[in-house]
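Report on the following structure.
The values are calculated or read from the model by the stated rules, or taken from the named source; none is laboratory data. None of the values given here were measured: they were computed from a predicted structure. Cβ placement follows ideal geometry from the backbone for every residue including glycine, while neighbour counts extend to all protein chains displayed.
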Amino acid sequence: PLLHEVIPIMDGINQYLVQIAKDDMNLPVIQDSTRCGLVIADKYYAKTDDSAMYRAAMIMHPRYIMSYFDDENWPEEWKTSAKATLKHLYNTYYKPSSSLEGSDNNDEELDPLKEWIDKSPVTTKHGDNPLKYWGTLAVDGDMLARMALDILSCPATFTDIEQGFSRGSLTVTPRCHNLSADTIQKLMAVAAW
């Protein structure tokens with residue numbers, strides 16, 4: 001999956017687990033196990049806060065923009081934080097430098113990122129394919145489109161999970177069972193390069 005798919009997938013998993021945990025038709029052991037699963041899912045969901053990219057990918061996806069956060073009833077401070085993070089990314093790495101004097105006065109009027117964030121979700125056929133949507137706009141040198149393509153083309157993980165587990169089992173052999181978790185992590189990272 002790509003970055004923009006992570007949060008909706010995690011939300012779907014969370015909603016499914018909550019539904020099972022609340023269903024009194026399930027055995028108590030199933031409900032308790034599901035609650036434990038929710039704790040684990042929430043632990044990994046919280047890790048999306050460690051990177052600005054997840055929320056940036058959601059906002060740059062033409063089908064979502066800010067509507068996904070509104071539909072999922074995200075608190076205002078989370079939405080404000082997501083917008084501020086995206087604005088920081090844009091201003092730091094993608095905003096074209098203006099060589100005209102006095103252009104700072106019209107920043108608010110000419111801010112393509114603000115226009116994008118305030119826009120309604122795109123419902124055309126390209127709205128479901130963010131790379132195709134932004135690819136058509138990037139041809140003209142649009143820096144917002146370039147940023148969107150950079151963010152939206154990022155894979156959710158850089159290591160194939162099955163390969164990672166296989167390498168891990170090869171790293172921790174009976175002769176190396178005293179390796180610390182930190183050492184194993186570093187060995188696996190080097191092996192993935």
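From the list 27, 17, 86, the lone residue that is crowded, with 17+ Cβ neighbours inside 10 Å and over 20 Å from residue 130 (Cα atoms) is 17. Considering the conditions (1) in a helix (DSSP H, G or I); (2) modelled with pLDDT under 90; (3) surrounded by fewer than 11 Cβ atoms within 10 Å (Cβ to Cβ), residue 97 is excluded by exactly one of them, (1).
Which one of these is among the acidic types (Asp, Glu), more than 24 Å from residue 49 (Cβ to Cβ), at pLDDT 80 or above and surrounded by fewer than 14 Cβ atoms within 10 Å (Cβ to Cβ): 104, 118? Just one listed residue meets the conditions, 118.
Set side by side, the residues 168, 141 differ, and just one is assigned to a loop (DSSP other than H, G, I, E, B) and either modelled with pLDDT of 70 or more or farther than 20 Å from residue 54 by Cα (or both), which is 141. Exactly one residue out of 68, 64, 16 is assigned to a helix (DSSP H, G or I), of a type in the set (Phe, Trp, Tyr) and closer than 26 Å to residue 86 by Cα: that is 68.
Being under 19 Å from residue 144 (Cβ atoms), assigned by TED's automatic domain parsing to the domain that holds residue 113, basic (Lys, Arg) and part of a helix (DSSP H, G or I) holds for only one residue in 47, 43, 83, and it is 83.
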